[in-house]
Amino acid sequence: MLDCLLLSACPSLAPMARSSTLILLALVAVCAVFASAARTPREYREAFTNWMHEHNKAYDAEEFHLRFKIFRDNLDFIDSFDGDFEVGLNEFSDLSNAEFVARFNGYKPSAEQPDESDVDTTVAPDANPTAVDWRTKGWVTPVKNQGTVCTLLKETEPANAIKQAPLVHPRTTYIL
């Protein structure tokens, strides 16, 4: 509004008025960015070094700067998160979403397949052995990070269902 009054009184000041308006807007934007930052650069650095110590992480200089930036972005997300569940720092806080998904999401079958000659494809229904080593049959996957207790409890329910139902190898045919 002040610009409009100034321009109507003295049109020759128009370029200066426009540049002062832009400077004022830029100053407001910069102040807004710094006001919204929940942590100082020193607090970010301390949080990152404490987290590195807690999780036994070490990086070379180039990797340190990349991991620090990702950690800082994740920490900002944690600070701003307002959802129905809790988020926080963990051993994966130095990974971007894309890196985490690439490493931990999805089933990645082993390149090693069970030896077909060990699989008996014709089993009579009453010929169930009293003990079976499922590792040798190729039914057990390698150990994975099971997460928290809540995750573990959710994952044991399917195991209980499997325990109560008969296991049938997909290549097994029954002779009736």
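The values are calculated or read from the model by the stated rules, or taken from the named source; none is laboratory data. Just so we're clear, the structure is a prediction, and the values are computed from it rather than from any experiment. No Cβ is skipped: glycine too gets one built from the backbone with ideal geometry, and neighbour counts run over all protein chains shown. Surface areas here come from the heavy atoms of the whole protein model, side chains and all, with no ligands, DNA or RNA. Shrake-Rupley method; radii C 1.70, N 1.55, O 1.52, S 1.80 Å.
Close amide H contacts of residue 92 (hydrogens built in the peptide plane, cut-off under 5 Å, sequence separation of 5 or more or a different chain): none are found. How much net charge surrounds residue 73 when only other residues with a Cβ under 13 Å from its Cβ are counted (Lys, Arg +1; Asp, Glu -1)? Spelling it out: positives minus negatives among the neighbours equals 0.
What the phi angles of region 54-69 give under the Karplus curve with 6.51, -1.76 and 1.60, with θ = phi - 60°, is a coupling list of 4, 9, 6, 9, 9, 9, 6, 4, 5, 5, 4, 5, 5, 5, 5, 5 Hz, glycine and proline written as x. The candidates 64, 77, arranged from most to least accessible area with a 1.4 Å probe in the full protein assembly, appear as 77, 64. Using R0 = 22 Å, the C-beta based FRET efficiency linking residue 85 and residue 49 works out to 0.20.
Listed peptides 40-47, 131-138 appear in the order 40-47, 131-138 once ranked by packing, highest mean of other Cβ atoms within 10 Å at the front. The 1.4 Å probe gives accessible areas that order 82, 94, largest first, as 82, 94. Label separation (residue 111 vs residue 73): 3.1 nm, computed from points 7 Å beyond Cα along the C-beta direction.
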